[in-house]
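Okay, here's the structure, questions in a sec.
The values are calculated or read from the model by the stated rules, or taken from the named source; none is laboratory data. Computed from a prediction, not measured in an experiment: that's the story for all the values here. Here the Cβ positions follow ideal geometry from the backbone for every residue, glycine too, while neighbour counts run over all protein chains shown. For the accessible areas, the whole protein counts, side chains as well, though only heavy atoms, and no ligand, DNA or RNA atoms are used. Shrake-Rupley method; radii C 1.70, N 1.55, O 1.52, S 1.80 Å.
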Amino acid sequence: MARTAAAAITFLLAAPVAAQDAPPGFFAGGLLGVGTDIYVGDNDVVGGVPLIGYRGDGFSIGTNGASVTLFDRGDAALDIFAAPRFFALTDVDEPELEGIDRDITLDIGLRYVVDISPRTTLDLSFAQEVTGEHDGQEVDARLSQSFQLGAIPLSAFAGVSWQSDDLSRYVYGVFPGEARAGRPAYDPGATTTPYVGLRGGVPLSERAQVIGSLRVDFLGSDIEDSPIVDEDTAVSLGLGVQFSF
């Protein structure tokens with residue numbers, strides 16, 4: 001079902017797993033995502049997405065978007081990026097969501113990454129939708145701590161995502177024209193969502209690794225109160241294989 005695949009892709013591409021961790025050159029592989037469907041109706045979320053791209057000196061491009069480094073001083077870097085935003089409300093077929101359909105959009109933004117210590121990184125980003133569907137913005141702040149579990153390198157992270165009124169209404173709201181009996185129009189306003197997670201990779205060879213990521217989003221009452229949302233947390237798990245060339 002398109003809805004479940006889109007939900008998994010939303011998480012997998014939002015988590016910067018592939019392009020940032022790939023060595024210079026081409027990379028390819030695939031990711032499988034399983035997670036919570038926060039919307040009313042079917043609660044099964046399973047989907048896959050290919051990982052294909054190229055990372056060069058100061059730029060990368062692939063299935064999770066494109067980025068160019070504006071400056072890099074070693075312990076801090078600023079990138080400009082363009083990334084698709086997928087929605088779990090694309091081509092839905094559940095009766096409870098009849099009349100609601102969201103299009104894939106494109107964000108352009110800036111991302112600043114700074115090493116606070118050898119194992120601690122602060123990641124700040126700002127994204128603006130440019131395809132004219134909702135004109136919303138998102139600001140994300142994430143703190144990551146890397147460590148070893150035996151021979152496995154891992155990174156634990158915690159952060160918070162702020163989404164503007166326009167974006168939140170597009171993701172969680174009900175527009176007046178979509179209102180039905182038992183489903184009133186709803187505007188959550190701007191929303192703030194904290195999250196935690198874990199990610200890592202296990203090398204299989206010099207050119208192959210298994211990659212994985214777990215993330216839990218804690219939805220606020222302004223999101224929970226939406227007539228199309230029936231969860232207070234969103235749990236997503238991604239697992240895949242990546243090859244470098």
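Which one of these is β-branched (Val, Ile, Thr), over 26 Å from VAL216 (Cβ atoms) and not in a strand (DSSP E or B): THR90, THR131?
Of the residues listed, the single one that is β-branched (Val, Ile, Thr), over 26 Å from VAL216 (Cβ atoms) and not in a strand (DSSP E or B) is THR131.
When both residues are 6+ apart or on different chains and their Cβ atoms are under 8 Å apart, which pairs have a first residue that lies in region 215-239 and is more than 27 Å from SER155 (Cβ to Cβ), and a second that is open to solvent by 60 Å² or more (accessible area, probe 1.4 Å) and of a type in the set (Gly, Ala, Ser)?
Taking only residues 6 or more apart or on different chains, the pairs are PRO227/GLY182.
Got a number for residues in region 219-245 being within 19 Å of the chain's Cα centre (by Cα), open to solvent by 70 Å² or more (accessible area, probe 1.4 Å) and among the hydrophobic types (A, V, I, L, M, F, W, C)?
2
So which of VAL202, VAL196, VAL174, VAL160 is modelled with pLDDT of 95 or more and over 27 Å from LEU106 (Cβ atoms)?
Every option except VAL196 fails the conditions.
Between residues in region 125-146 that are over 18 Å from ILE80 (Cα atoms) and without any contact (Cβ under 8 Å) to a residue 40 or more places away in the chain and residues that are among the hydrophobic types (A, V, I, L, M, F, W, C) and open to solvent by less than 70 Å² (accessible area, probe 1.4 Å), which pairs lie under 6 Å by C-beta distance while being six or more apart or on different chains?
Listed by first residue and then by second, the contacts come to HIS134/LEU167; LEU143/LEU122; LEU143/ALA158; SER144/PHE157; GLN145/ALA156.
Hey, can you tell me all the residues within region 142-152 that are exposed (fewer than 14 other Cβ atoms within 10 Å of the Cβ) and either among the hydrophobic types (A, V, I, L, M, F, W, C) or part of a strand (DSSP E or B) (or both)?
Residues satisfying the conditions are PHE147, GLN148, LEU149, ALA151, ILE152.
Could you tell me which of the residues PHE87, PHE81 is buried (at least 17 other Cβ atoms within 10 Å of the Cβ), within 17 Å of the chain's Cα centre (by Cα) and at pLDDT 90 or above?
PHE81
Another question about this same structure. Could you say which residue among GLY74, GLY99, GLY48, GLY53 is surrounded by fewer than 18 Cβ atoms within 10 Å (Cβ to Cβ) and assigned to a strand (DSSP E or B)?
The match here is GLY48.
Could I ask something else about it? Among the residues of region 181-230, how many are outside any loop (DSSP other than H, G, I, E, B) and touching a strand residue (DSSP E or B) at 6+ places or on another chain (Cβ under 8 Å)?
Number of matching residues: 29.
Moving on to the next point. Just need a number here: residues in region 165-179 that are open to solvent by 10 Å² or more (accessible area, probe 1.4 Å) and part of a loop (DSSP other than H, G, I, E, B).
Number of matching residues: 2.
A further question follows. Condition first: closer than 26 Å to PHE175 by Cβ and open to solvent by less than 60 Å² (accessible area, probe 1.4 Å). Can you find one or more residues in region 199-218 that meet it?
Yes: region 199-218 contains one or more residues that are closer than 26 Å to PHE175 by Cβ and open to solvent by less than 60 Å² (accessible area, probe 1.4 Å).
Go through region 181-198 residue by residue and tally those that are in contact (Cβ under 8 Å) with a residue 40 or more places away in the chain and surrounded by 13 or more Cβ atoms within 10 Å (Cβ to Cβ).
Residues in region 181-198 being in contact (Cβ under 8 Å) with a residue 40 or more places away in the chain and surrounded by 13 or more Cβ atoms within 10 Å (Cβ to Cβ): 5 in total.
Hey, any hits in region 106-121 for a residue that's open to solvent by less than 20 Å² (accessible area, probe 1.4 Å), within 19 Å of the chain's Cα centre (by Cα) and at pLDDT below 95?
Checking region 106-121: not a single residue is open to solvent by less than 20 Å² (accessible area, probe 1.4 Å), within 19 Å of the chain's Cα centre (by Cα) and at pLDDT below 95.
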